[in-house]
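See below for the structure under consideration.
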Amino acid sequence: MANAQSPVKAGSGARLGTFAGVFTPSILTILGIILFQRFGFVVGAGGLLRALGIVALATCVSILTSLSLAAIATNLRIKGGGDYYLISRTLGVQFGGAIGLVLFLAQSVSVAFYCIGFGEAVAALFGQAGEPAVVAGIAAVATLLVGTIAYVGADLATRFQFVVMGALVVALGSFYVGAFGLASERTLVASLTPPEDGSGFWILFAIFFPAVTGFTQGVSMSGDLRDSARSLPRGTFWAVGVSTAVYVSIALLLAASMPLSELASDYGAFRRVAAVPWLIDVGVIAATLSSAMASFLGGPRIMQSLARDEVIPPLRAFAKGSGPSENPRRAVLLAGAIALTTISLGNLNAIASLVGMCFLLSYGLINYATFFEARANSPAFRPRFKIYSAWLSLAGALLCVACGVAISPFAAAVAGALMVALYQYLSRTSPQSAWADSRYASHVRQVRDHLVAIRDGSSHPRDWRPHVLAVCNEPSDRARLLRFASWIDGDSGFTTAVQIVVQTDAGTPARTAAAEESFRAEVRGAGLQTFTRVVSAPSILDGFTMVTQAHGLGPLRANTILMSADEHLGEPVWAGEAPPAEALDAALHQGRNVILLEARPEAWERMLAVPEDDRVIDVWWQDDTTSSLSLMLAHLMTRSAGWRDAQIRIHAIAQGSHDQHTTLQKVEEMLENVRIEARVDVVEFEGPRTLLEHSRNASVVFIPLRIRGRRLVGPKGGSLSAVLADLPVTALAVAGEDIDLDAEPEDPPAKTGADRPVSGGAEVVGASPP
């Protein structure tokens, strides 16, 4: 993903300050069409106390979100993209891309809403209020006018907003003058409680809430600000504070000036109260145009930021900007086209609640992003704005969700489903992001908390799972070795692939880093959930000893060593019947299990060609810890893709012909107790050729291994070199720890490599004595 997120740099075209870039677009959107044409109805239908409660709840959402916004805004050098930039750099590209696209569409449709409001106001002045075609025509002209201003650039749009601000102030002044002349204490007291035929709280809240959705309009202008970290919190708090004071004072004056019945029945109450009624018409026109302008400025900048990040490749064409401020003219044209299309549809009521829900969703994500960032406890989270709390941000996120559901469960469900669909789409299609976000810090925090939680507890036999350390020095065997490791961990443990680089000169660190990057890319390309590690050492043997002792974090340490049988510490295992077994001996004495994988290419291909439901996993059983380890790994293989329908077959080695029935009974009882399904055959072991007779047609074979002196031997102490070439894929196993398949919760904790007895000297116990 391109890291081209630098549309505007401070001092190079970005010259808007707090008032022009944040306060003005925010306050003009908040004090909009709802204030002049619907707020009187809210007061009349709900009474003064209910209206003040609605304002208080909406303001609570605004304040909590503003606190979260201030924390994030002062922790990042915010570039273009507003809400999208904040969320994508905190929760990741999937959340950011989904909310960015939704907000662009919502802002574009909002242009149509506001221009239709403008059309209705102008049509009413000429007695054409009931003519939909007239209203739509005026709205389309207004869209083209406002779009042209936005197309020219933010500077012209800002100057236009100052004109609108002046008209709005004059209109409000006319209302205040008229209201003070009409207000009476008796009317105010009578208006405290709702009328008998009034509307419910949430119905009125749904009508009013779109009024406050403009307090983050300044965020969308972040790329055009001289100092976004300073301007965004200040401008937003001032806009919320001033607009709240305006709404509370107007609610009091409306309740004191007119009876509730008249307020509820007449959307033109503002004109009747105002000292100069026609100035209210000017205010309505100014409010609708200013809100449309704010959306025309904010939405295209979100789209430009999305395009520059290449979140959705088909949108790359909208990355281009014009002029020193990188004005997103292509995105402005797209937003205008969407607005004109929406106007042509006529009836917008069905979409209105969904658009409001999209804004509410973005506020919830801003709050959650701040909570997420703060709880991750990242050293990089150092906001200059200190008056915030992670728990207040969480409360803000939950409040946004609750308000959305209360306003319209259907719209909330549709908006949520749209977000989930976009998130899933981006999870599958968007490239790996080139920027940092808080997800990594959050995962690290969780890992730390969980490791600390299990640090002082003793591991229990029931908790055993394979943590595999796969030594992959030979590239030709690496793919097969790592795939086998992914099968035997059964999606329950961890696998770390290790490559040992022999240190020969001062250039080793650079070669090690390059080898690790190549190694990681190879594992990632294979689609494996495997960690990688490259270490340098004077020799392969030294590196092996070092990594087996030191690998791990806290209580999570490798308990199973996996390596190729053909490439054992740089030398063929079976050369001269005297392999270098010192390292394996040391691993076993450390309490590690050892698996040597014999997987010749032709045997591997034959195994993969067998249908899943015809695959057979053979386990040679000697009733010891190695047998338990092999059976556990075979069972975990049946949890992995490609092996879920495979059959486990146990070849139990009897001590003599008289012991066959007893051995069969014992193994079947064991399988019943450990709840593993397998077929049992009792075999009299007469040498390595017995392995061929019974396992030639298997897919994978687990055979117990022993280290005797400097020799690796199989069951009954026989050499395996003569038969390995004819066997299927073979895992030679020796257990270095106790594996109790039938452990109960009340059983004592498992012994570790440090406290379990291990035989020393020439013979390491991994199977019963021959």
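The values are calculated or read from the model by the stated rules, or taken from the named source; none is laboratory data. Values in this document were obtained by computation on a predicted structure and should not be read as measured data. Quick reminder, even Gly has a Cβ in these numbers, built from the backbone with ideal geometry, and neighbours come from all protein chains shown. When the accessible area is computed, the model is the full protein with side chains, heavy atoms only, and any ligands, DNA or RNA have been set aside. Shrake-Rupley method; radii C 1.70, N 1.55, O 1.52, S 1.80 Å.
Taking the criterion of being under 27 Å from L57 (Cβ atoms) and either open to solvent by less than 30 Å² (accessible area, probe 1.4 Å) or in contact with a Phe, Trp or Tyr (Cβ under 6 Å, 6 or more places away or on another chain) (or both), the residues of the range 166-197 that qualify are L168, A171, L172, F175, A179, S191. Scanning the range 606-634 for residues that are acidic (D, E) and at pLDDT 95 or above turns up just one, D618. When we screen M303, M293 for residues that are part of a helix (DSSP H, G or I), under 19 Å from A239 (Cβ atoms) and in contact (Cβ under 8 Å) with a residue 40 or more places away in the chain, the only hit is M293.
Candidates in the range 289-346 are the residues that are touching a Ser or Thr at 6+ places or on another chain (Cβ under 6 Å) and of a type in the set (K, R); of these, the one that is least open to solvent (accessible area, probe 1.4 Å) is R301.
Please find, within the range 208-229, the residue that is surrounded by the fewest Cβ atoms within 10 Å (Cβ to Cβ) out of those that are hydroxyl-bearing (S, T, Y) and assigned to a helix (DSSP H, G or I).
So, considering only residues that are hydroxyl-bearing (S, T, Y) and assigned to a helix (DSSP H, G or I), the one surrounded by the fewest Cβ atoms within 10 Å (Cβ to Cβ) is S220.
Within the range 641-653, identify whether any single residue is surrounded by fewer than 21 Cβ atoms within 10 Å (Cβ to Cβ), out of contact with any helix residue (DSSP H, G or I) (no Cβ under 6 Å at 6 or more places or on another chain) and over 18 Å from D614 (Cα atoms), and answer yes or no. No, the range 641-653 contains no residue that is surrounded by fewer than 21 Cβ atoms within 10 Å (Cβ to Cβ), out of contact with any helix residue (DSSP H, G or I) (no Cβ under 6 Å at 6 or more places or on another chain) and over 18 Å from D614 (Cα atoms). Any residue at all in the range 516-536 that's assigned to a helix (DSSP H, G or I) and closer than 26 Å to M632 by Cβ? Among the residues of the range 516-536, at least one is assigned to a helix (DSSP H, G or I) and closer than 26 Å to M632 by Cβ, which makes the answer yes.
So is L232 closer than 29 Å to A20 by Cβ, touching a residue at least 60 places away in the same chain (Cβ under 8 Å) and either in a helix (DSSP H, G or I) or within 45 Å of the chain's Cα centre (by Cα) (or both) or not? When the stated conditions are applied, L232 passes them.
For the range 89-132, name all the residues that are among the charged types (D, E, K, R) and either within 24 Å of A417 (Cβ to Cβ) or in a helix (DSSP H, G or I) (or both).
So the first thing to find is which residues in the range 89-132 are among the charged types (D, E, K, R), and the list is 89, 120, 131.
Scanning the range 89-132 gives R89, E120.
For the range 724-744, filtered to residues that are in contact with a strand residue (DSSP E or B) (Cβ under 7 Å, 6 or more places away or on another chain) and within 16 Å of S627 (Cα to Cα), the residue that is most open to solvent (accessible area, probe 1.4 Å) is E737. Selection of the range 715-735 for residues being assigned to a loop (DSSP other than H, G, I, E, B) and modelled with pLDDT of 80 or more yields A725, D726, L727, P728, A735.
Quick check: anything in the range 406-425 at pLDDT below 80 and loosely packed, with under 15 Cβ neighbours inside 10 Å?
Within the range 406-425, the subset at pLDDT below 80 is none.
The answer is no; no qualifying residue exists.
From V189, V242, V219, V248, which residue is modelled with pLDDT of 85 or more, closer than 17 Å to T24 by Cα and aliphatic (A, V, I, L, M)? Reasoning before the result, please.
Values: V189 fails: closer than 17 Å to T24 by Cα; V219 fails: modelled with pLDDT of 85 or more; V248 fails: closer than 17 Å to T24 by Cα.
Unique residue meeting the criteria: V242.
Among the residues making up the range 254-288, those that are among the aliphatic types (A, V, I, L, M) and either open to solvent by 20 Å² or more (accessible area, probe 1.4 Å) or touching a strand residue (DSSP E or B) at 6+ places or on another chain (Cβ under 6 Å) (or both) are A264, A275, V276, L279, V282, I285. Screening W278 on (1) in a helix (DSSP H, G or I); (2) under 27 Å from F104 (Cα atoms) shows it passes everything except condition (2). Once the range 674-714 is narrowed to residues that are open to solvent by 40 Å² or more (accessible area, probe 1.4 Å) and part of a loop (DSSP other than H, G, I, E, B), the residue that is farthest from E598 (Cα to Cα) is R675.
Residue check: D197 meets all listed conditions (1) of a type outside the set (A, V, I, L, M, F, W, C); (2) part of a loop (DSSP other than H, G, I, E, B); (3) under 17 Å from Q107 (Cβ atoms) but one, namely (3). The condition (being over 33 Å from the mean Cα position of the chain (by Cα), at pLDDT below 85 and not aliphatic (A, V, I, L, M)) is satisfied by just one residue among G32, G46: G32.
Every listed requirement among (1) under 22 Å from the mean Cα position of the chain (by Cα); (2) modelled with pLDDT of 85 or more; (3) surrounded by fewer than 24 Cβ atoms within 10 Å (Cβ to Cβ) is met by I63 save one, (1).
Restricting L16, L35, L57, L64 to residues that are in contact (Cβ under 8 Å) with a residue 60 or more places away in the chain and in contact with a strand residue (DSSP E or B) (Cβ under 6 Å, 6 or more places away or on another chain) narrows the list to L16.
When the range 472-495 is examined, which residues are found to be open to solvent by 10 Å² or more (accessible area, probe 1.4 Å) and among the polar types (S, T, N, Q)? Quick ask: steps written out before the conclusion?
Quick first cut of the range 472-495, residues open to solvent by 10 Å² or more (accessible area, probe 1.4 Å) only: 473-480, 483, 486-487, 489, 491-494.
Answer for the range 472-495, where residues must be open to solvent by 10 Å² or more (accessible area, probe 1.4 Å) and among the polar types (S, T, N, Q): N473, S476, S486, S492.
Would you check if A390 is at pLDDT below 85 and either open to solvent by less than 50 Å² (accessible area, probe 1.4 Å) or of a type in the set (V, I, T) (or both)? It is false that A390 is at pLDDT below 85 and either open to solvent by less than 50 Å² (accessible area, probe 1.4 Å) or of a type in the set (V, I, T) (or both). Taken as a whole, the condition of being surrounded by 24 or more Cβ atoms within 10 Å (Cβ to Cβ), in contact (Cβ under 8 Å) with a residue 60 or more places away in the chain and on the phi > 0 side of the Ramachandran plot applies to G81.
In this structure, does F205 turn out to be modelled with pLDDT of 85 or more, open to solvent by less than 10 Å² (accessible area, probe 1.4 Å) and closer than 22 Å to L52 by Cα?
Numbers: modelled with pLDDT of 85 or more: yes; open to solvent by less than 10 Å² (accessible area, probe 1.4 Å): yes; closer than 22 Å to L52 by Cα: yes.
Yes; evaluated as a whole, the condition is true for this residue.
Close contacts from the range 109-123, counting a first residue that is closer than 18 Å to P277 by Cα and without any contact (Cβ under 8 Å) to a residue 24 or more places away in the chain and a second that is small (G, A, S) and buried (at least 24 other Cβ atoms within 10 Å of the Cβ), with Cβ to Cβ under 9 Å and a gap of 6+ residues or different chains, come to E120/A139.
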